[in-house]
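Every read-out reported here was derived from the displayed coordinates using simple, explicitly stated rules and does not represent laboratory data. Remember, predicted model here, so these are calculated numbers, not experimental data. Cβ placement follows ideal geometry from the backbone for every residue including glycine, while neighbour counts extend to all protein chains displayed.
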Amino acid sequence: MGVSARAPSKKPIEWSWRSRVVRGWVYQLLALGVVIAGVWFLAHNTQENMRTRGIQSGFDFLGSAAGFDIGETTFVAYDPSESYGKALWVGVLNTLRVAVIGIVLTTILGVLVGVGRFSRNALVRGLCYAYVEVFRNVPILLQLLMWYLLFVDVLPPTQSAWKLGGMFFLSKGGLSLPAPVWAAGHAWMLLGAIVGILVAARYRAGLQREFERTGQDRNRWAVPLAMVLGGAVVGCAAGGAPREWSMPEQLAFMVDGGMSATPEFLAVLIGLVLYTGAFVAEVVRGGIQSVSLGQTEAASALGLSRRQMMKLVILPQAMRVIIPPLTNQYLNLTKNSSLAVAIGYPDVVSISNTTLNQSGRAVECIAVIMVVYLSTSLSTSALMNWYNKRVAIKER
Amino acid sequence: MADTFTPVAPRPAPAAAAGMSMWLRRNLFGDWRSSLTTVLLLALGVYLLPGVLQWSLFQAVFGAHADACQAARGSGACWGVITEKWRIIIFGRYPFEEQWRPEVATLVMVAGLVVSCIRWFWRPWLALLWVGVLAVFFALMLGGVLGLSPVRTDLWGGLPLTVMLATLSIFLAFPLAVLVALGRRSNLPAIRTVCIVYIELIRGVPLISVLFMASFMFPLFMPQGTTIDVLVRVLVGITLFAAAYMAEIVRGGLQAIPKGQLEAADTLGLSYWQTQRKIVLPQALAMVVPSMMNNFISIFKDTSLVTIVSLYELTGALGLALNSDVNWRPFKIEAYLFITAIYFAFCFAMSRYSLWVEKQLSVSRTR
């Protein structure tokens, strides 16, 4: 008679305090009970308070007319007779504008400075170090206030704006620069560029395959770049080659035409980029340092050039260290953009604040802020997690 | 044959391999690109330096003379604004004749912080010392004992408020963070979920919205008739906010503990809390000291946000000092530079200290 495999015995739950399972259940029930009681307590008080103070609740106010003006808008037009909902949407777009442009600029600045910390030139190293230490150790709110003060105090009034080649104007009124006048041709240009990007991506994938097969490494930028630019030029020509530019002009009391950015926007953008850039630089430096020296030595023993070493050996390994904290910095930048309320840039926090003061719907307005930031945070981290999975080194 | 040994005269050290000139050559003039950068940067420095020196030193006004400052406007800095206003900037609205109290209180608090950084003092009685420090701080600031006249908390401001908010929120957030981090790693699903929701919810929103909630909405949450000091509400807000971030840092440390340690503890028959207290936390917390220090620095900087909910800490006190004074308002930028220097001194000291701690830790690891 063989020994039959013992069936996993299902131990009956021992109903005593000494059983881990039972204790686990008790703890969990207790924790849930405390949380539920806490939430109920707060909700109950809030309702009670609202009733006695005659505060209305609900999101119906989003439909009623806002009645306040917003200094600047992104993509959409807005006037005070429109609804609170529209006003908040304008705020969300303003927040996103500052966050997206800020993230792009911060990445560029941070990578440059982070790599600069390894420069062979001592002056460059020193400057990068000084920049990082100074900007990282001063509160972002203070920096924003200072940039704004510089804009409204130090810059000349609009009548005597600083000019550069009659195209760029910088004054208390903000920055004005030339902008193309939108025409159907630009849509064609964009289309051409997109087609160019697709073709270039295929071409680069081909180069990669060839590299993996033969070890022949060819320049992967020149031809793809030409493809994208070529696509854009062809598209532009096909669309009738629009060439009209709107130039900013100096008028009696203002600068008109072209693209313009308000001093509030510029102060928020510059402040956020310089502050977050210092942190990104540290992240990049940490990432590069985390690649062990042996890797560099092995790479030079194989005869790789400095550029190849960076591209093929160091960066791929540094990336997996860099990406998670980089994501955090992007999220920080987005969240810090809420400090724009201190200098009057109409982001979603500032508009929610105005809405709160006018309509008295405190709970709803704070809820709007939280939902907006939570959804941006969660989607940014989802995107970066996806990218992180892609660059993560597959181990066995 | 009496052949005496005569040593060959030592060769001079190769001139080009060491010393100042070699350092210069290697670090500033390595190749043509490096040389060009050096020359350009030096030229830029020479171009900018005279202007900066003129503005900040030679043409600057150091005395508290509003007229002289007005005259020097545009060409020289007006440091006189600090000579005139430093009391309000540093102490806020605290009654003028009682200002020795916040002075002493801040010194005691900062001394406590410095002492806690020194290795020799890492003994159990450090906790007792802190109880004493906090007691002295609040006795001095609040008054009402030992014949000190009582001062309302809404008159507190400036540096004492900044230091107090930062220190207390760190102290309060830390134990909470450890508990939440343990909860997040727990295998009881309900507790884990509660902790995850708390962490993600707080980390997803900006501090300013938490502060808005603490200062404007909190009265709505409480039963009628209860009033809680706005300082306490803001402190709770910062603490809850900081704890979520710290919890993630602690979790990083917990995850780095090899599973074998836990299994060994189980084998020894240690209970959950014994395992955490004696095995897991000592290792995990030591591992995360550097990132914890970074977090402390950002909490210190974040206290500046309470100015948005009208508490007059350092940044807010500056507005208080200058916004309503027509004579001195134009020289806000100099005052900003002054408090920038204060913040920088604190944060830079903390980050240097964190580097030192990191070095100490790596010494113990690379034996």
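Assorted remarks:
- A compact globular protein would have a Cα radius of gyration near 2.2 N^0.38 Å; the ratio found for the stretch B:1-81 is 2.29.
- Cα centre as origin, Lys/Arg/Asp/Glu Cβ charges: the stretch B:210-353 dipole, Debye: 180 debye
- Based on Cα contacts under 8 Å between residues 6+ apart, the stretch B:84-365 shows a relative contact order of 24 percent.
- Dipole of the protein assembly as shown, positive direction: furthest Cα of A:Leu191, B:Tyr47, B:Val197, with charges on the beta-carbon: B:Val197
- For residues of A:138-151, the mean tally of beta carbons on other chains within 10 Å: 5
- All Cα pairs of the stretch A:195-349, percent lying beyond 23 Å: 67 percent
- Sorted peptide list for B:22-30, A:145-153, criterion being average Cβ within 10 angstrom, highest first: A:145-153, B:22-30
- By the count of neighbouring beta-carbon atoms within 10 Å, fewest first, A:Phe279, B:Phe212 end up ordered A:Phe279, B:Phe212.
- For the stretch B:241-367, the Stokes-Einstein estimate of translational diffusion at 25 °C and a viscosity of 0.890 mPa s comes to 137 µm²/s, using the Kirkwood hydrodynamic radius over alpha-carbon pairs.
- Based on alpha-carbon atoms, the Kirkwood radius and the radius of gyration of the stretch B:193-266 give Rg/Rh equal to 1.18.
- When A:Arg51, A:Arg361 are arranged by Cβ crowding within 10 Å, least crowded first, meaning fewest neighbours, the order is A:Arg51, A:Arg361.
- Entry for the stretch A:269-389 at q = 0.13, 0.17, 0.19 Å⁻¹: log10 I(q)/I(0) = -0.67, -0.91, -1.03, Debye formula applied to identical alpha-carbon scatterers, no solvent contribution.
- Mean silhouette area of the stretch A:263-309, derived from the convex hull of its C-alpha atoms and averaged over all directions, reads 4.2 nm².
- Positive dipole terminus of the stretch B:84-365, leading residue within B:Ala264, B:Phe346, B:Val210 (C-beta point charges): B:Ala264
- Between A:Leu225 and A:Ser19, the contour length at 0.36 nm per residue exceeds the Cα-Cα span by 67.4 nm.
- When +1 charges are put on Lys and Arg Cβ atoms and -1 charges on Asp and Glu Cβ atoms, the dipole computed for the protein assembly as shown relative to its Cα centre reaches about 3220 debye.
- As computed over the protein assembly as shown, the Cα convex hull volume per residue (Å³): 352 Å³
- Overall shape: oblate for the stretch B:7-158, with the ratio a/c of the largest to smallest alpha carbon gyration tensor axis at 1.5 or above and b/c at least equal to a/b.
- Size of charge dipole - chain B - debye, nearest 20, with Cβ of Lys, Arg +1 and Asp, Glu -1, no other charges: 940 debye
- Average other protein chain Cβ within 10 Å of Cβ, residues B:28-35: 3
- In the stretch B:132-261, the inverse of the mean reciprocal separation of distinct Cα atoms equals 16.9 Å; this is its Kirkwood hydrodynamic radius.
- Taken residue by residue and averaged, Cβ atoms of other chains lying within 10 Å of the Cβ of A:338-345 number 3.
- For the peptides A:267-277, A:126-136, the ranking by mean Cβ contacts within 10 Å, running from highest to lowest, is A:267-277, A:126-136.
- Reciprocal mean inverse distance between Cα atoms of chain A - Kirkwood radius, Å: 26.5 Å
- Using the Stokes-Einstein relation with a Kirkwood hydrodynamic radius computed over Cα pairs, the translational diffusion coefficient of chain B at 10 °C and a viscosity of 1.306 mPa s comes to 63 µm²/s.
- Chain A - percent relative contact order, Cα under 8 Å, separation 6 or more: 20 percent
- With distances taken between every two different alpha-carbon atoms, the stretch A:75-209 has a Kirkwood hydrodynamic radius of 20.1 Å.
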